[in-house]
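Below you'll find the structure, written out as structure tokens, and then a few comments.
Where a number appears in this text, it was derived from the coordinates with a stated rule and is not lab data. None of these values were measured; they are calculated from a predicted model. Here Cβ is always computed from backbone atoms with ideal geometry, including for glycine, and neighbour counts include all displayed protein chains.
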Amino acid sequence: MTATVLDRPPGRAQRKPGATRRRVGRVLLYTVLILAAAAILLPFAWMLSASLKRDNDVFTVPTQWIPHDIQWGNFTRIWTDIPMTTYLRNTVFLSTVITLLQLLTGSFAAYGFAKVKWRGRDALFVLYVATIALPWQAYMIPQYIMMVKAGLTDTFLSLILLQAFGAFGVFLMRQYYMTIPDELCEAARIDGLSEYRIWAQIILPLSKPALASLALLTFVNTWNDYMGPFIYLTDNDHWTIQLGLQSFIGEYSSDYAMMMTGSVLSVLPILVIFLFGQRYFIRGIATSGMKG
Amino acid sequence: MTDLIAASAEKAPPATARPRPRRRGPGWRNTLIGWSFILPNLIGFVALTLVPVVAAFALSFASWDGFNPPKWVGLKNFRRLFKDDATMTALRNTVYYACGHVPLTMLAALGLALLLNRKMRGMAFFRAVAFFPYITSMVAVAIVWNMLFNPQYGPVDQFLHWFGVANGPGWTTTTGWAMPAVIVTSVWRDMGYYMILFLAGLQAIPPELYEAAQVDGASAWQRFRAVTLPGLRPTTFLVLILLTVQSFKVFDLIFVMTGGGPGTATLVLSQQIYQTGIVDGEYGYASAISVLLFLLVLVLTLTQFWFNRRRER
């Protein structure tokens with residue numbers, strides 16, 4: 001009994017109308033899907049189109065979806081109008097350092113939670129998981145006071161400390177380690193490998209897909225983070241690209257075209273990362289069902 | 001709370017919690033090794049998450065400006081909270097936002113998942129399209145949607161114009177329509193994320209159930225009612241909890257899009273915590289609002305959990 005046999009009720013195959021109906025259904029489905037995709041992508045179309053316009057042409061009735069007078073110059077001007085290079089450098093630096101630390105401490109701790117048996121382990125893990133669901137705003141104030149007292153406001157270190165030790169990474173990696181058979185570690189122990197070498201030489205290489213998921217999710221989260229940098233980074237030299245985007249919003253007038261140019265530049269790296277690592281994103285989310 | 005979260009975490013699709021045989025090893029040695037693995041992360045975790053959580057509760061009963069020693073004031077902060085117009089408005093707005101964001105996102109995500117749960121050409125592309133808004137920077141999303149909602153000149157109002165609406169409602173520039181505009185934006189952003197959870201849930205439903213239903217002559221709608229919906233129960237529950245928590249802590253999207261305005265039309269609890277705590281430096285009072293937010297999320301999660309239990313019986 002195979003699925004294909006049951007898929008088709010008896011007699012359906014010879015009858016023409018059934019096949020036609022199915023084809024009509026398929027065309028209808030694709031029409032719906034294409035319309036939905038177009039609607040979802042519309043804001044991106046607007047972003048791209050406005051980024052190539054003169055500021056005066058951004059709001060016209062009707063909207064020029066394809067600019068009459070394409071301003072490629074916006075994409076060169078933005079580097080001199082605002083310190084875009086600095087913003088990008090800061091964002092790349094923060095995202096990279098936080099991602100690396102999260103990977104290292106997360107996978108290390110996950111090994112302790114998944115492959116070493118000790119008393120109190122599971123209770124501690126539940127405590128970790130519980131804080132993932134806690135709203136960050138609930139402890140934002142004491143965190144801020146601590147950073148002020150430590151004299152760390154307006155430093156990259158404050159953000160690195162706040163974001164590199166999240167429980168989310170531990171949780172994600174631990175879920176993956178639980179799927180690796182314990183016998184593997186057991187065999188390595190008999191061969192005389194220390195726990196640290198089992199982690200480094202056996203488990204870590206085996207968990208590349210999970211590491212990739214965690215790395216991509218953390219990197220993108222940090223890249224897009226707004227509130228963290230907004231609260232902690234005040235000096236313009238320390239700003240990230242997300243803070244920089246707002247520098248075109250003036251008190252009296254805003255340069256919408258350049259704002260969109262900046263948005264395109266901030267979204268582009270994420271798009272590239274997403275296109276290459278799509279399945280790791282999806283897998284990471286489906287595994288955890290939780291967000292960092 | 002902790003049991004509950006562990007339980008909901010277990011519900012995450014491939015969470016593999018298989019029973020392990022208990023073995024007795026040299027106890028203290030393993031304990032030492034175990035702790036040594038966890039310590040690097042634990043130090044950061046305790047110092048920067050656990051201590052602040054406890055401190056927030058302690059501070060909510062104190063008055064503190066950050067310089068002089070904190071003063072114990074009992075429930076004063078909480079009494080003030082319920083008399084404070086701004087905080088009460090923020091509470092109402094947060095509930096308003098959640099009432100829009102939770103059901104709409106859920107419907108959109110489920111609809112997308114049902115549409116895209118097929119083995120056909122191009123499905124991967126459509127899924128990617130639906131998911132991408134979720135990883136787009138919040139600032140870019142907020143700025144673009146603000147422009148789309150621009151009264152008269154924005155594409156949303158031009159679209160409405162086709163249907164005979166001469167003047168749009170003004171969207172983010174008016175107190176009545178700013179919140180709906182924010183909700184639309186956040187549904188657009190979040191639906192792809194929850195779609196993935198629903199897709200994982202749909203794929204966990206055994207195909208034999210559909211085959212059996214088809215043999216019995218069930219229509220597509222009957223199959224949806226009798227197989228899909230019950231099969232999705234654990235996922236729906238997880239999504240409901242995650243969405244509720246997410247709604248109650250909404251912050252940056254609204255903050256960038258409207259700044260809480262016009263007036264206090266979109267001021268939410270998180271922004272009120274930020275305003276009273278970090279801007280005004282009233283650490284005790286801000287912590288009391290944090291505790292309120294925390295308790296709200298806790299109560300809602302527990303209620304949903306209890307409700308789910310009862311329906312399962």
Problem - Dipole of chain A, positive direction: furthest Cα of A:ALA150, A:LEU100, A:ALA130, with charges on the beta-carbon - result: A:ALA130
Completion exercise
Bounding extents of region B:124-212 in its principal axis frame from Cα atoms, largest first in Å, are 53, 31, 25
Practice task
Determine the shape class of region A:137-282: with a ≥ b ≥ c the square roots of the Cα gyration tensor eigenvalues, call it rounded for a/c under 1.5, and otherwise prolate if a/b is greater than b/c, oblate otherwise.
Solution key: oblate
Handout entry: Ranking of A:THR96, B:THR301, A:THR261 by count of other Cβ atoms within 10 Å, fewest first
Key = A:THR96, B:THR301, A:THR261
Exercise for the section: Over chain B, calculate the relative contact order: mean separation of alpha carbon pairs under 8 Å at least 6 apart, over the residue count, as a percent. Expected result: 28
Practice task
Name the most mobile residue of B:ALA265, B:ALA62, B:ALA166, meaning the one with the largest mean-square fluctuation, in a Gaussian network model of chain B with Cα contacts below 10 Å.
Solution key: B:ALA166
Fill in the blank from the handout: Taking a ≥ b ≥ c as the square roots of the Cα gyration tensor eigenvalues, with a/c under 1.5 meaning rounded and otherwise prolate when a/b beats b/c or oblate if not, region A:44-93 comes out prolate
Exercise for the section: Take the Cα atoms of chain B, find their three principal axes, and give me the spread along each one in whole Å, biggest first. Expected result: 77, 75, 36
Problem - Rg [Å, one decimal], Dmax [Å, integer] - region A:181-252, C-alpha atoms - result: 21.6, 72
Exercise for the section: Please tell me the relative contact order of chain A in percent, rounded to the nearest whole number, where contacts are Cα pairs under 8 Å and at least six residues apart. Expected result: 29
Problem - Rounded Å value of the spacing that divides the Cα centres of region A:50-111 and region B:140-186 - result: 24
Problem - the protein assembly as shown - charge dipole about Cα centre, Lys and Arg +1 at Cβ, Asp and Glu -1, debye rounded to 20 - result: 2820
Completion exercise
For region B:154-313 the mean separation of alpha carbon contacts under 8 Å (6+ apart) over residue count, i.e. relative contact order in percent, is 21
Exercise for the section: Specify whether the C-alpha gyration tensor of region B:41-131 places it in the rounded, prolate or oblate class, a ≥ b ≥ c being the square roots of the eigenvalues: rounded for a/c under 1.5, otherwise prolate if a/b is larger than b/c and oblate if not. Expected result: oblate
Fill in the blank from the handout: Most fluctuating of A:LEU214, A:LEU204, A:LEU29 in the GNM of chain A (C-alpha, under 10 Å) is A:LEU29
Practice task
Specify the inter-centroid distance of region A:169-237 and region B:249-286, based on alpha-carbon positions, in whole Å.
Solution key: 34
Fill in the blank from the handout: Across B:THR258, B:THR49, B:THR236, the residue with the highest GNM fluctuation in chain B (Cα network, 10 Å cutoff) is B:THR49
Handout entry: Helix-only mean residue ellipticity at 222 nm for chain B, each DSSP H run of n ≥ 4 adding -39500 (n - 2.57), per residue, nearest 500
Key = -21000 deg cm²/dmol
Practice task
Let me see the pair-distance distribution of chain A: every alpha carbon pair, 5 Å bin width, integer percents in order.
Solution key: 1, 5, 9, 11, 12, 11, 11, 10, 9, 7, 6, 5, 3, 1, 0, 0
Completion exercise
Here Rg/Rh (Cα, Kirkwood) for the protein assembly as shown equals 0.98
Handout entry: Which listed pairs, of A:LYS115/A:LYS208; A:LYS149/B:LYS76; B:LYS119/B:LYS249; B:LYS76/B:LYS249; B:LYS83/B:LYS249; A:LYS149/B:LYS249, have C-alpha distances above 29 Å, in listed order
Key = B:LYS119/B:LYS249
Practice task
Go ahead and estimate [θ] at 222 nm for chain A from helices alone: -39,500 (n - 2.57) per DSSP H run with n ≥ 4, summed, over the residue count, rounded to 500.
Solution key: -21500 deg cm²/dmol
Problem - Two-decimal Rg to Rh for region B:78-184 - Kirkwood Rh, Cα set - result: 1.08
Completion exercise
Normalised per residue, the volume inside the convex hull of the alpha-carbon atoms of region A:50-165 in Å³ amounts to 212
